[in-house]
Amino acid sequence: MQKRFQTSMLALSIILVLSLLLSACGGSSNKDNAASGSNAAASNNAAGSANSGNEKTLELKVAFLGIGTFKDVADVQDAISKITKEKLNATVKLVPIDPAAWQQQINLQLAGNEPLDLLVTSSAFNYSTQAAKNQLVVLDDLLEKYGQGIKDTMPEAIFNGTKINGKIYGVPSVRDTAADYGFIARKDLLDKYSIDLSTVKSYADLEPILKTIKDSEPGVSPIVQRSSTLGIATEMITSQFDVLGDSLGVLNLNNNDTKVVNLFDTQEYKDSLALTRKWYQAGYIMKDAATTQEGNNALIKAGKGFGYFSNMKPGFEAQESGIDGHEMAAVRLTKPVSGSASANIFMISIPRNTQDENRAMQLMNLMYTNADIVNLLDNGVEGKHYVAGANGQIRSVGADSGWVFNQWEVGNNALAKVWEGTAPDVWEQMKKFNESSIVSPALGFSFDSSAVKTEIAAATNVINQYRAGLDSGSIDPAMVADFNDKLKAAGLDKIIAEKQKQLDAFIAAGAGK
């Protein structure tokens with residue numbers, strides 16, 4: 001199981017680097033899958049079973065981001081093909097592509113004529129540009145004809161968030177599309193000092209707990225941060241902002257408007273810097289937080305840390321317990337929030353060079369309605385990659401698996417079997433969680449930065465100079481004035497103006513609707 005968790009955290013790191021996404025994908029792992037027996041059984045009889053009109057047998061190629069373990073890809077695709085051959089008169093070829101090569105390979109595929117039938121797309125990977133270049137098939141009519149199962153599954157607000165100029169080019173995966181935020185810590189130390197996290201109602205309320213750990217546990221940092229690029233000061237206010245992709249111009253959700261502002265000049269950011277600096281000087285934050293290459297999970301597992309701030313979701317504690325090597329407990333301090341990228345950070349699309357757009361849509365529909373296909377994608381082959389556990393759940397075979405697929409990429413993961421250690425009703429919890437979220441007015445917005453790429457490069461250099469030190473509390477918060485001056489000189493105002501122009505046009509067009 002550990003390999004599954006490590007893979008998911010790598011995926012999260014990539015997402016954070018590309019888009020600073022809310023946890024819509026926050027460290028999800030195969031242990032987060034779930035299904036009710038009735039839903040799974042019903043789904044196997046859903047749309048897409050008809051073979052009429054598909055006289056010629058095809059091999060449908062499906063390309064996806066290859067973060068995981070795919071040694072046994074032939075076993076998985078052969079098992080899927082047994083289902084699709086009967087239902088669609090088509091076999092399936094799964095094509096995992098390494099993240100480092102993704103952009104280059106997909107650009108070549110979409111520019112050429114080599115057949116490709118389904119493709120993972122993302123606002124972090126030029127989704128809007130691909131649609132503008134007519135490299136993706138418009139899905140509206142195909143969904144009406146062959147995608148009723150998808151339409152029945154997908155909340156309208158999330159579907160609308162994928163639209164470009166009122167048209168659908170990608171179908172989001174069923175996953176956590178919202179995140180709440182808080183603090184998660186080692187339960188053994190909470191129990192040792194009789195600490196009750198339920199009494200914590202704000203970030204400031206953590207202070208006496210942090211002091212207890214600092215005074216009583218030598219060698220254990222009360223707070224470790226998730227990475228040097230995702231600092232504590234930002235973590236504590238993330239729920240209050242939609243970063244609109246890159247944090248260079250954000251929406252302040254407290255203001256209930258659509259004005260793009262400089263995050264680093266907001267009072268919320270400055271107040272968070274002050275609290276972070278206070279904690280750093282008190283010794284509650286590890287001294288090398290701004291420069292360390294060790295992640296939070298490794299530090300907790302090694303006994304060097306007590307807890308960390310994070311985006312969360314249902315089942316998060318069980319997920320992190322598996323990663324951290326300690327039982328973990330969490331306190332959530334915000335309501336769930338769905339940001340601009342919640343809908344379009346991971347989708348499945350039909351490329352223009354598909355062999356048969358009708359059958360490609362039928363295969364896509366099976367990914368949202370057929371529990372056997374979903375389980376094969378998410379968990380692999382039963383008996384080889386997992387075994388049946390108690391209460392209808394599943395568990396690892398006890399060795400490194402030859403198949404680890406990051407299920408947040410595609411499909412209806414609520415049909416997948418639940419891993420032991422996860423609440424059996426985790427997907428019902430997830431549905432309610434997503435539905436209860438505060439939704440950003442920019443849901444579905446994707447910023448095209450091509451007009452300000454020079455300014456973004458300059459501003460990014462400034463961020464690299466200041467942000468890690470400020471966000472970790474290791475430099476004086478007064479330095480934020482210099483930080484903002486240099487951002488302005490780098491062209492931040494121009495970036496914000498361009499982002500505002502695009503956001504205004506997006507909203508005027510119906511916010512993706």
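The values are calculated or read from the model by the stated rules, or taken from the named source; none is laboratory data. Since the model is a prediction, treat every value here as computed from it, not as a measurement. Note: ideal-geometry Cβ built from the backbone for every residue, glycine included; neighbour counts use all protein chains shown.
Numbers for the structure displayed
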read-out: ALA298 being part of a loop (DSSP other than H, G, I, E, B), more than 18 Å from the chain's Cα centre (by Cα), closer than 24 Å to PRO218 by Cβ and of a type in the set (Gly, Ala, Ser); value: no
read-out: Of all residues making up the stretch 339-366, the number that are surrounded by fewer than 24 Cβ atoms within 10 Å (Cβ to Cβ) and either assigned by TED's automatic domain parsing to the domain that holds ILE209 or part of a loop (DSSP other than H, G, I, E, B) (or both); value: 5
read-out: Count of residues meeting criterion [touching a residue at least 60 places away in the same chain (Cβ under 8 Å) and surrounded by fewer than 20 Cβ atoms within 10 Å (Cβ to Cβ)] in the stretch 144-164; value: 4
read-out: Selection within the stretch 382-417 - within 19 Å of LEU363 (Cα to Cα) and touching a helix residue (DSSP H, G or I) at 6+ places or on another chain (Cβ under 8 Å); value: PHE405, ASN406, GLN407, TRP408, VAL410, GLY411, ASN412, ASN413, ALA414, LEU415, ALA416
read-out: Residue list for the stretch 40-65, restricted to those being touching an Asp or Glu at 6+ places or on another chain (Cβ under 8 Å) and at pLDDT 85 or above; value: LEU58, LEU60, LYS61, VAL62, PHE64, LEU65
read-out: Pick from the stretch 60-81, criterion part of a helix (DSSP H, G or I) and of a type outside the set (S, T, N, Q), ranking: nearest to ASN370 (Cα to Cα); value: ILE80
read-out: Scan of the stretch 371-394 for residues that are in a helix (DSSP H, G or I) and out of contact with any Ser or Thr (no Cβ under 7 Å at 6 or more places or on another chain), ordered by number; value: ASP372, ILE373, VAL374, ASN375, LEU376, LEU377, ASP378, ASN379, ALA390, ASN391, GLY392
read-out: Candidate set: the stretch 121-146, residues that are modelled with pLDDT under 95 and among the aliphatic types (A, V, I, L, M); chosen: the one nearest to LYS167 (Cα to Cα); value: ALA131
read-out: Among the residues listed as THR212, THR199, the single one being exposed (fewer than 15 other Cβ atoms within 10 Å of the Cβ), more than 20 Å from PRO477 (Cα to Cα), hydroxyl-bearing (Ser, Thr, Tyr) and more than 26 Å from the chain's Cα centre (by Cα); value: THR199
read-out: Helices (runs of 4 or more DSSP H) wholly inside the stretch 82-188 that include at least 2 residues being under 27 Å from VAL337 (Cβ atoms) and outside the structural domain of ASN311 (by TED's automatic domain parsing); value: 127-132, 148-153, 156-160
